[in-house]
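Please read the structure below before turning to the comments.
The values are calculated or read from the model by the stated rules, or taken from the named source; none is laboratory data. Note that this is a predicted model, so its numbers are computed, not measured. Here the Cβ is made from the backbone with ideal geometry for all residues, glycine too, and neighbour counts use every protein chain on show.
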Amino acid sequence: MNVNEAIIRRRSVRQYQDRPVEPQLLQKLLEVMPYYMSPANLQPLKFLAVSDPEVCRRVFPALKWAAYLPGYTITREQEPQAYIVILGDKSVCKEFQFAAGSATTALSLAAYELGLDSCCLASADRNALYPLLGIDPEEMELLYVISLGYGAHGGRTVPMEDSCRYYLEGQDFVVPKRRLEDIVRFDRWDNG
């Protein structure tokens, strides 16, 4: 699989198989993290891997899942088997948006290549997660939580018509995507 295929085929997964993520896969995944794109090469992000089943169970309710689907439920057996928490180190800089976007993309694509599914979650109860994970909010800003595991549902894209809201067809997430002609503009200048 090449990078373009991975970008097109990877989908966010919210329900996982009751199957642990092997420690060596988490290690391989974390090995790519020093290489995310970072403005001025500041590299202000830190990564916290969580794979202890009890801690994972306590992280899960602090996250908000599938906001477009009121009443959507994930059973305990379908909860993620691991998480990677992305933190911004406030001693390095105060702005993390570009670096965090780069890191979440790199992380989700690397996970996909390793056969893992993921979902990037920004909506979280940070007041619960900081003490649970031993993070000092004066030093680190919790930016994103990436759930990891082996997917228990499928997903596909469809051309966006009038809404960006994803929806379910059976167990599969259907994700509207804007058409290329709606998002890309090619400027041409005649030098002749």
Handout entry: Single residue of A128, A124 found to be over 25 Å from K28 (Cα atoms), in contact with a strand residue (DSSP E or B) (Cβ under 9 Å, 6 or more places away or on another chain) and at pLDDT 95 or above
Key = A124
Problem - Selected residue [outside any strand (DSSP E or B) and farther than 21 Å from L63 by Cα] from R165, R156, R185 - result: R185
Problem - Unmet criterion (only one of (1) in contact with a Lys or Arg (Cβ under 9 Å, 6 or more places away or on another chain); (2) under 26 Å from P176 (Cβ atoms); (3) aromatic (F, W, Y)) for Y144 - result: (1)
Practice task
May I ask you to verify whether I84 is of a type in the set (V, I, T) and within 18 Å of K46 (Cβ to Cβ)?
Solution key: yes
Fill in the blank from the handout: Those residues of region 88-101 which are surrounded by fewer than 21 Cβ atoms within 10 Å (Cβ to Cβ) and without any contact (Cβ under 8 Å) to a residue 60 or more places away in the chain amount to D89, K90, S91, V92, C93, K94, E95, Q97, G101
Handout entry: Scan of region 175-192 for residues that are at pLDDT 95 or above and of a type in the set (A, V, I, L, M, F, W, C), ordered by number
Key = V175
Problem - Complete set of residues in region 111-134 that are part of a loop (DSSP other than H, G, I, E, B) and touching a helix residue (DSSP H, G or I) at 6+ places or on another chain (Cβ under 7 Å) - result: L114, L116, D125
Completion exercise
Okay, helices (runs of 4 or more DSSP H) sitting entirely in region 1-103 with 3 or more residues that are out of contact with any Phe, Trp or Tyr (no Cβ under 7 Å at 6 or more places or on another chain) and of a type in the set (V, I, T), I get 3-9
Completion exercise
Only one of S91, S118 is within 27 Å of Q17 (Cβ to Cβ) and either touching a strand residue (DSSP E or B) at 6+ places or on another chain (Cβ under 7 Å) or assigned by TED's automatic domain parsing to the domain that holds P20 (or both), namely S118
Practice task
Confirm whether G149 is modelled with pLDDT under 95, under 17 Å from V13 (Cβ atoms) and within 18 Å of the chain's Cα centre (by Cα).
Solution key: no
Exercise for the section: List every residue pair whose Cβ atoms lie under 9 Å apart, where the two residues are 6 or more positions apart in sequence or sit on different chains, the first residue falls within region 44-56 and is within 12 Å of V85 (Cβ to Cβ) and assigned by TED's automatic domain parsing to the domain that holds L87, and the second residue, located anywhere, is buried (at least 18 other Cβ atoms within 10 Å of the Cβ) and acidic (D, E). Expected result: C56/E79
Completion exercise
For region 1-58, the count of residues that are of a type in the set (A, V, I, L, M), in contact with a Ser or Thr (Cβ under 8 Å, 6 or more places away or on another chain) and surrounded by 15 or more Cβ atoms within 10 Å (Cβ to Cβ) equals 4
Completion exercise
Inside region 122-150, the number of residues satisfying the requirement of being under 19 Å from V21 (Cα atoms) and surrounded by fewer than 19 Cβ atoms within 10 Å (Cβ to Cβ) is 1
